[in-house]
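Below: the structure, in structure tokens.
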Amino acid sequence: MSAAPEPPLVREVFPDLVRELIGLLEAEGERELAICARDLRLVAACGCSDDFCQSFRTAPHQPGTPYGPGHRCLPLLPAKGDLVLDVVDGRIVYVEVLFREPLRDARLRLPN
């Protein structure tokens with residue numbers, strides 16, 4: 001039996017968002033998280049069905065359960081909308097994306 005494929009890298013799906021996250025994290029002095037942001041995986045969509053929400057998980061986690069010790073919430077300051085990261089023990093586990101233009105999957109763009 002073969003192993004399940006790894007979830008896609010967020011930078012391959014939403015490269016503009018990852019560039020923005022890296023810049024915002026560096027501006028906040030969060031250099032280690034900025035480095036880690038490049039290798040985030042798109043594990044699962046939020047699933048809340050709110051039309052203003054495009055949030056996603058970057059690590060497995062049971063919805064509705066607390067993250068526990070080592071968790072911190074890191075609000076960023078984007079030009080538009082809200083970006084808030086859930087970080088557990090120095091690892092970004094959730095990216096909250098609210099009130100922003102729709103994210104476009106870069107894998108679906110036609111080549112020039």
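The values are calculated or read from the model by the stated rules, or taken from the named source; none is laboratory data. These numbers were taken from a predicted model, which means no experiment stands behind them. A quick note on method: Cβ atoms are made from the backbone with ideal geometry, for glycine too, and the neighbour counts reach across all protein chains shown.
Figures for the structure shown
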{"item": "Matching residues, the range 71-86, being closer than 16 Å to Val18 by Cα and not small (Gly, Ala, Ser)", "result": "Leu74, Pro75, Leu76, Leu77, Pro78, Lys80, Asp82, Leu83, Val84, Leu85, Asp86"}
{"item": "Residues of the range 8-38 classified as acidic (Asp, Glu) and within 22 Å of Arg109 (Cβ to Cβ), total", "result": "3"}
{"item": "Selection within the range 5-54 - within 14 Å of Leu76 (Cα to Cα), small (Gly, Ala, Ser) and within 15 Å of the chain's Cα centre (by Cα)", "result": "Gly23, Ala34, Ala37"}
{"item": "Residue match in the range 28-47 (condition: at positive phi and either among the β-branched types (Val, Ile, Thr) or at pLDDT 95 or above (or both))", "result": "yes"}
